[in-house]
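The values are calculated or read from the model by the stated rules, or taken from the named source; none is laboratory data. Not measured: the values here are computed from a predicted model. For neighbour counting, all protein chains shown are included, and Cβ atoms are generated from backbone atoms with ideal geometry for every residue, glycine included. With ligands, DNA and RNA removed, areas are computed over all heavy atoms of the protein, side chains included. Shrake-Rupley method; radii C 1.70, N 1.55, O 1.52, S 1.80 Å.
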Amino acid sequence: MTASPKTPAANQMWGGRFASGPDAIMQAINASIGFDQRLYAQDIAGSRAHAAMLAATGILSNKDAEAIGEGLLTVLSEIEAGKFPFRTELEDIHMNVEARLKEIIGEPAGRLHTARSRNDQVALDFRLWVRDQCDAAITGIEALMRAFLAQAEAGADWVMPGFTHLQTAQPVTWGHHMLAYVEMLSRDRGRFADARKRMNECPLGAAALAGTSFPIDRQMTATALGFDRPTANSLDSVSDRDFALEFLAAASITAMHLSRFAEELVIWSSAQFRFVRLSDKWTTGSSIMPQKKNPDAAELLRAKLGRILGATVALFTIMKGLPLTYSKDMQEDKEQVFDAADTLMLGLAAMTGMVGDMTANRESLAAAAAAGFSTATDLADWLVRSLGLPFREAHHVTGTLVALAETKACDLSELSLHELQSGHPGINQEVYAVLGVENSVRSRISHGGTAPDGVRAQAARWRGILK
Ligand code: ARG
């Protein structure tokens, strides 16, 4: 059978046993170069380490290895200069780089793939990329932690309402609320650090799936590429994408935290709350309502978890039920992780900017802190401490006094002593000390509590950690 002019030529990398090349639609569904070109730096670093090892073990001549190493640097500079001709018919970044290397250095290029397969190659490239993203996430998280910490230091003793059910619960301090996010973010940071540590084993040398008969030195390539050690099982090495899933899981939790603070910003910046003023840099106006200043960045951050969690679910679904070892399904891993990582980094940067620029409205915070009978628990605690009432009874007495204040449309601190004594005759003048919000927060001195002194101590601890 002779190939018709319309029959595409067989693939130059693996087309030996093929009479024709792939259908155009096959090429479209099969090619990953449109997205995996982002792995070029990792691919070239991996290939250079591989070539150096092949020379050191005598599998490749020094001359060939040098030509390969040099040629790969040329390819790298071409890509970085935007002059590299990416070709869909060469499927992916691995074959694009190798084909170009052949154009540049000729025959020795064909020796680079000795003792290697695209299966361990892609596992390596992707792992290196995700490892970099863990570092970037940690850096981004630390910047955001510093922004929250600066807010906490500025307002360690500013009172504001603490909420449960978004109902005023007890007065807390601004600094305490800001440090709550520092705690959340530090767990996020820890998750990326843990994932990075676990993924830091080198899959290169697993070859297609079974290892290789060439006398390779996997320790050498692992060390050259900054890994702690080579992976121990070649089958696992080419089929594992846990590192990407762990990255996505950590990213999802981080994005969930960003989403929660974003929601607080949306609420707090509203005219009804006025707890914070967002700077012009992070808000937009309305084309029809001149008074508006919309918290668009916060709203988008509230939503971004949708994409990141979507990517996480997608990759779980891709990996679910895949038999060992490599299957082409796994090529679908990259776009999900790329998009999630880009979204996370952008989100961290935007939130860092917003938190750094926002101005707390101390007066509104203080006024809101005193509203809603926020010191009712303090009154109940006082009844226990000063009059020896059982807490349940104190709770009940306080409830009747809250109801009284409600009917009078006043605050607990505005009830007369006579009115307070209608709840319990033992109540005396001293009770007024605990009905004020400042005293309330100052009294919460238990470890991790909202008292300004405790907040300052925690802020100082974080300052020491974050430098
Ligand atoms: N582009 C492929 C991927 O991303 C590279 C590995 C291809 N391996 C193979 N045996 N077809 O997964």
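Odds and ends about this structure:
- Cβ pairs under 8 Å, 6+ apart, first in region 121-137 and within 15 Å of ALA208 (Cα to Cα), second more than 16 Å from the ligand (Cβ to nearest atom): LEU124/CYS202; LEU124/LEU225
- Qualifying residue in region 161-173 (condition: open to solvent by 30 Å² or more (accessible area, probe 1.4 Å), at pLDDT 95 or above and either assigned to a helix (DSSP H, G or I) or closer than 17 Å to ARG127 by Cβ (or both)): no
- The one condition in (1) of a type in the set (Phe, Trp, Tyr); (2) under 30 Å from THR57 (Cα atoms); (3) within 17 Å of the chain's Cα centre (by Cα) that PHE148 fails to fulfil: (2)
- Matching residues, region 351-365, being in contact (Cβ under 8 Å) with a residue 40 or more places away in the chain, open to solvent by 40 Å² or more (accessible area, probe 1.4 Å) and in a helix (DSSP H, G or I): GLY356, ASP357, ARG362
- Within the option set LYS83, LYS102, being out of contact with any strand residue (DSSP E or B) (no Cβ under 9 Å at 6 or more places or on another chain) and either within 13 Å of the ligand (Cβ to nearest atom) or not in a helix (DSSP H, G or I) (or both) holds for one residue only, LYS83.
- When restricted to residues that are modelled with pLDDT of 95 or more, open to solvent by less than 40 Å² (accessible area, probe 1.4 Å) and of a type in the set (S, T, N, Q), region 370-418 contains 1.
- Test for LEU305: is it within 21 Å of GLU142 (Cα to Cα), of a type outside the set (Lys, Arg) and open to solvent by 20 Å² or more (accessible area, probe 1.4 Å): yes
- In region 278-302, the qualifying residues are those that are open to solvent by less than 90 Å² (accessible area, probe 1.4 Å) and within 22 Å of the chain's Cα centre (by Cα), and the one that is nearest to the ligand (Cβ to nearest atom) is LEU301.
- Test: residue in region 229-246 that is more than 29 Å from ALA51 (Cα to Cα), of a type in the set (A, V, I, L, M, F, W, C) and not in a loop (DSSP other than H, G, I, E, B): yes
- Count of region 308-340 residues which are of a type outside the set (A, V, I, L, M), surrounded by fewer than 17 Cβ atoms within 10 Å (Cβ to Cβ), outside any loop (DSSP other than H, G, I, E, B) and more than 16 Å from the ligand (Cβ to nearest atom): 3
- Residue-level analysis places THR114 among those that are among the polar types (S, T, N, Q), touching a residue at least 12 places away in the same chain (Cβ under 8 Å), surrounded by fewer than 24 Cβ atoms within 10 Å (Cβ to Cβ) and touching a Leu at 6+ places or on another chain (Cβ under 7 Å).
- Candidates ALA255, ALA249 - the one that is small (Gly, Ala, Ser), at pLDDT 95 or above, in a helix (DSSP H, G or I) and closer than 26 Å to MET160 by Cβ: ALA255
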